[in-house]
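Visitor: Can you read through this structure? Questions will come right after.
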Amino acid sequence: MVHAHNPGRTGSVAAWPPAARRTETDPVMLDLIFIAAGLAFFALGEGYAVLCDRL
């Protein structure tokens, strides 16, 4: 597929999207929040299963 000439284009596919590339300066807080939320969801599921077994 041939692309039309675009002066703003760098020709690098890896440069898009720019936010997808992580650098060492990115905060990892969002990662920790998602891990904590996943663990909390798992714990709630386990507690619900134990509660249902008692009924």
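Visitor: Can you confirm whether residue 23 is open to solvent by 70 Å² or more (accessible area, probe 1.4 Å), at pLDDT below 60 and of a type in the set (Ser, Thr, Tyr)?
Guide: So residue 23 fails the test.
Visitor: Can you say whether residue 30 is at pLDDT 95 or above, open to solvent by 100 Å² or more (accessible area, probe 1.4 Å) and outside any loop (DSSP other than H, G, I, E, B), as far as the supplied structure shows?
Guide: no
The values are calculated or read from the model by the stated rules, or taken from the named source; none is laboratory data. What you see is a predicted model; the values in this text were computed from it and never measured. Note: accessible area is taken over every heavy atom of the protein model, side chains too, but ligands, DNA and RNA are not part of it. Shrake-Rupley method; radii C 1.70, N 1.55, O 1.52, S 1.80 Å.
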